[in-house]
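Participant: Below are the structure tokens for one structure; questions will follow.
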Amino acid sequence: MRNRIIMILLALSFALTCQFGVKAASKAASTAKQEETAAAAKKKTTKKKKVRTVFVAAGHQQRGISSTERYAPKGSGTKAKLTSGTAGVSTHIPEYKTNLAIAKAVQKELKKRGYKVIMLRTTNNCPLSNQQRTKKANKSGADIHICIHCDSAGYASGPHTCVPASSVYVGKSVYNKTLRLASLVLSSTAKAVGKKSHGTIRSNYYTTINWAKIPTFILECGYMSNPTEDRQLNSSSYQKKLAKGIANGVDKYFK
Ligand SMILES: [Zn+2]
């Protein structure tokens with residue numbers, strides 16, 4: 001009888017130890033799993049929050065630079081280092097001032113949406129050639145480079161873009177990304193200002209584009225030779241619409 005009681009007690013104690021052992025092991029496993037899930041969630045959040053950088057370049061400055069430079073990395077063709085741009089037929093405001101006002105509106109809008117923005121210039125004094133401007137953008141660490149301009153061609157209206165005609169100078173990858181970016185920004189901008197896009201110029205003759213190592217294109221926001229559009233381009237409400245449209249296109253590109 002005594003032996004039997006001892007046996008029962010031993011069996012009971014063994015069973016209890018085993019149960020606790022299993023519980024401890026399962027608790028450890030569940031903690032490890034929770035930690036793993038938390039790490040995965042953190043990784044996902046970090047990936048989502050990657051900050052994109054946009055280089056915003058207001059075209060021209062207070063004076064042109066008539067000495068020349070090579071307009072492309074290959075070949076020997078040269079062009080003026082910097083042209084002086086157009087001026088408003090109605091407002092008489094020089095293009096470099098309008099470009100800067102629009103670029104500042106774009107900077108504000110992109111920052112509001114969480115982008116890092118690097119400005120080529122924040123004043124009208126920026127005596128860098130087109131080649132130097134693009135080299136600055138290449139080295140800036142930016143993902144994309146948008147050159148803000150306004151054009152002149154009678155009563156034409158609406159925004160248009162200038163992109164490379166082929167991948168000969170910028171390479172296949174930058175070329176493909178540039179076309180996609182320019183097309184998204186052009187359609188979003190036209191929509192935001194309620195105008196028809198004036199299309200896309202494909203040319204291998206733009207110094208600013210040919211020296212690019214990141215997607216780089218020219219956005220001509222409208223025509224300063226058109227009196228109505230000249231006044232719009234120089235009004236802060238229209239500049240805000242342009243900025244929203246450009247930012248919508250950038251959002252789509254990075255989505
Ligand atoms: Zn221009």
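The values are calculated or read from the model by the stated rules, or taken from the named source; none is laboratory data. What you are looking at is a predicted structure, and each value in this text was computed from that prediction instead of being measured. Don't worry about glycine lacking a Cβ; one is built from the backbone with ideal geometry, like all the others, and counts go over all protein chains shown. The protein model used for the area step is the full one, side chains on, heavy atoms only, and it has no ligands, DNA or RNA in it. Shrake-Rupley method; radii C 1.70, N 1.55, O 1.52, S 1.80 Å.
Participant: With respect to residue 63, is the statement that it is among the basic types (Lys, Arg), surrounded by fewer than 14 Cβ atoms within 10 Å (Cβ to Cβ), closer than 23 Å to residue 206 by Cβ and modelled with pLDDT of 95 or more true?
Facilitator: Criteria met by residue 63.
Participant: Going by the conditions given, is residue 51 within 29 Å of residue 170 (Cβ to Cβ), surrounded by 18 or more Cβ atoms within 10 Å (Cβ to Cβ), away from the ligand (no atom under 14 Å from the Cβ) and not aromatic (Phe, Trp, Tyr)?
Facilitator: Working: within 29 Å of residue 170 (Cβ to Cβ): yes; surrounded by 18 or more Cβ atoms within 10 Å (Cβ to Cβ): no; away from the ligand (no atom under 14 Å from the Cβ): yes; not aromatic (Phe, Trp, Tyr): yes.
Answer is no for this residue.
Participant: Does residue 146 qualify as being open to solvent by 10 Å² or more (accessible area, probe 1.4 Å), at pLDDT 95 or above and assigned to a strand (DSSP E or B)?
Facilitator: So residue 146 does not fit the description; no.
Participant: Could you name every one of the helices (runs of 4 or more DSSP H) located completely within the stretch 157-255 that has at least 3 residues being away from the ligand (no atom under 16 Å from the Cβ)?
Facilitator: 172-193, 227-233, 236-254
Participant: Kindly indicate which of 168, 185 is open to solvent by 30 Å² or more (accessible area, probe 1.4 Å), among the β-branched types (Val, Ile, Thr) and on the phi < 0 side of the Ramachandran plot.
Facilitator: Values: 185 fails: open to solvent by 30 Å² or more (accessible area, probe 1.4 Å).
It is 168.
Participant: Then there's this: Which residues, taken from the stretch 188-212, are crowded, with 17+ Cβ neighbours inside 10 Å and either hydrophobic (A, V, I, L, M, F, W, C) or not assigned by TED's automatic domain parsing to the domain that holds residue 132 (or both)?
Facilitator: Those that are crowded, with 17+ Cβ neighbours inside 10 Å and either hydrophobic (A, V, I, L, M, F, W, C) or not assigned by TED's automatic domain parsing to the domain that holds residue 132 (or both): 190, 192, 193, 209, 211, 212.
Participant: Related question: Of all residues in the stretch 213-230, how many are buried (at least 24 other Cβ atoms within 10 Å of the Cβ) and among the hydrophobic types (A, V, I, L, M, F, W, C)?
Facilitator: Number satisfying all stated conditions: 4.
Participant: For the stretch 65-142, list the strands (runs of 3 or more DSSP E) that sit wholly inside it and hold at least 1 residues that are within 20 Å of the chain's Cα centre (by Cα); which are they?
Facilitator: In the stretch 65-142, 116-119 are the strands (runs of 3 or more DSSP E) which contain 1 or more residues that are within 20 Å of the chain's Cα centre (by Cα).
Participant: So, one more: For the stretch 82-99, how many residues meet the condition of being within 14 Å of the ligand (Cβ to nearest atom) and surrounded by fewer than 22 Cβ atoms within 10 Å (Cβ to Cβ)? If you could, list the steps in order and put the result at the bottom.
Facilitator: Kept after step one, since they are within 14 Å of the ligand (Cβ to nearest atom), are these residues of the stretch 82-99: 82-88, 93-99.
So of that shortlist, the ones also surrounded by fewer than 22 Cβ atoms within 10 Å (Cβ to Cβ) come out as 83-87, 93-94, 97.
Matching residues across the stretch 82-99 total 8.
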